[in-house]
Amino acid sequence: MTGEPCPCGSGRPYAACCGPFLEGAVPAPTAEALMRSRYTAYVRADCDYLRRTLFPRKREGFNAAATRAWCADVVWTGLAVLRTVTGGPNDEAGVVEFKTAFTKGGTPHILHEVSRFRKKGGEWFYVDGEPGGAAQETAGTRPAPKPAVGRNDPCPCGSGRKYKRCCGA
């Protein structure tokens, strides 16, 4: 998989994108990079990485066996980052809104989440997420306006279909 494109949709090879993060060689430098690497970990069913990148106080509730079983039934088909609020290399907190497309049991699904990330000890961690843009933003920030998506525009979920035939249906 190292010569193939990274599952996160960056267009870069896995070995030059999320690979070093999943292998533990270097930490993700931004909240978005961590979110993309966690998506890649779901694609690869890498539950160790998913647990390791959870905010420490959230790890107790992580069920690796259930996550692994869920991943075995899922075919991931795309990731679209819709916006980020802070979460850069010099920030301590960040928000990433994204959509992932997947098929489970032959049925296509879209997961739309606004995720919160925090940095602790110089490393980014996933704190939590809420569906469809309902999450509270990081203190002192306001969400960027969402771009309008026309009916005939490509769907922001990354499916490759027109919006009207995908998430806009």
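The values are calculated or read from the model by the stated rules, or taken from the named source; none is laboratory data. No experiment lies behind these values; they were computed from the predicted model shown. As a convention, Cβ positions derive from the backbone with ideal geometry for all residues, glycine included, and neighbour counts pool all protein chains shown. Each accessible area value is taken on the protein alone, full model and side chains, heavy atoms only, with ligands, DNA and RNA left out. Shrake-Rupley method; radii C 1.70, N 1.55, O 1.52, S 1.80 Å.
Annotations
- Shape index of segment 16-65: Rg/Rh, with Rg the Cα radius of gyration and Rh the Kirkwood radius from the inverse mean 1/r over Cα pairs, equals 0.95.
- Translational D in µm²/s for segment 1-114 (Stokes-Einstein at 25 °C, 0.890 mPa s, Kirkwood Rh from C-alpha pairs): 167 µm²/s
- If only the Cβ of Lys and Arg carry +1 and only the Cβ of Asp and Glu carry -1, the dipole of segment 54-121 around its Cα centre is close to 200 debye.
- Multiplying the residue separation of ALA66 and GLU4 by 0.36 nm and removing their Cα-Cα distance gives an extension gain of 19.5 nm.
- Expressed as a whole percent, the accessible area of segment 4-112 that falls on carbon and sulfur atoms is 52 (1.4 Å probe).
- 13 Å beta-carbon shell around ARG59, net charge (K/R +1, D/E -1): +2
- Per-residue HN-Hα couplings for segment 49-57 [Karplus 6.51, -1.76, 1.60; θ = phi - 60°; Hz; x = Gly/Pro]: 5, 4, 5, 4, 9, 6, 4, x, 6
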